[in-house]
Structure formats: structure tokens, C-alpha cells
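Shown next, in C-alpha cells, is the structure this report addresses.
What follows draws every value from the coordinates through simple rules; no lab data is involved. Not measured: the values here are computed from a predicted model. Counting neighbours? That spans all protein chains shown, and the Cβs are built from the backbone with ideal geometry, glycine included.
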Amino acid sequence: MTDQERLQTDEEWREKLSAEEYRILRESGTEPRFSSDLLDVDEDGVYRCAGCGQVLFDAETKYGADHAWPSFFDAEEGSIEFREDHSHGMTRTEVACSRCESHLGHVFDDGPEPTEKRYCINGVALDFETDAE
């Protein structure tokens, strides 16, 4: 992706994304707990950024359908940027797509081995692609 594609205007993002995708990806929103269709997906494949299509997570790193949002214990190398988030009266680590800078969710240090990370990601921010596609 070129710098021109990465730095789309607000108007271009609004044309490309649904209202809910725009709210989450571009305005750092959060989808309702347990609302994602991706919670119960248990197939081989990859999860891509809904904003630009970059591969973010391999299905092998997804775990815990009982979490409120799709959760992963590792991200594809170089696909995620980390930012300090002080919203809602707390300090968290926001994760964003390294290519298009879209907000994805947050990462916490309470995940399983081997990373002990829990990437808590809005399902709206992801597109799932099976290995068969």
C-alpha cells in the first residue's frame, strides 16, 4: 500500500466503510460485548484489517470464544502498532493496524502461553478469510 492509499481522507474512509466500521476503525469505538459473528469462528485462516486488508492474526492464535470480543495471543509480525490510551479513566494499550492506522482494540498482559498477551479485538475491525479462499 502506498502512502497515498494509507492516508485516505475522512470523506474517502466514510465512503469505503459502513457507519459502524467507521465508528470503530476511525473513531476508536467499541462494538457491544459478545456481538461479533467472529467469536465462534473455529476454522483455519487469517484475520485481515477491515480497513485495508492487511493480515493481522492467524487463526491458530485465536482463543477463548467465551471472551466478549475475538481474542488472540499473538499478531503477525509488523502488522500492529501500539499506542497509549487514557480514555475512560484508565490507561490501556491500544492496538492499531500498522498499514492504515485503524483502531482495532486493545492488548492486555493476561493471555495464555506462549506470549501471555490477549489482543482483544473488535470483530467489526476484522475480515476473516479461510484457508480455502
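Odds and ends about this structure:
- Net charge of neighbours whose Cβ lies under 12 Å from the Cβ of ARG23, counting Lys and Arg as +1 and Asp and Glu as -1: -2
- Stretching the chain fully between ASP44 and GLU116 yields a gain of 23.7 nm (0.36 nm per residue, less the alpha carbon separation).
- Where only DSSP H runs of four or more residues are counted, the chain gives -3000 deg cm²/dmol as its mean residue ellipticity at 222 nm, each run worth -39500 (n - 2.57).
- Top of ALA50, ALA19, ALA75 by mean-square fluctuation, Gaussian network on the chain, Cα under 10 Å: ALA19
- Computed about its Cα centre, the charge dipole of the chain is approximately 520 debye, with only Lys, Arg, Asp and Glu carrying charge at their Cβ.
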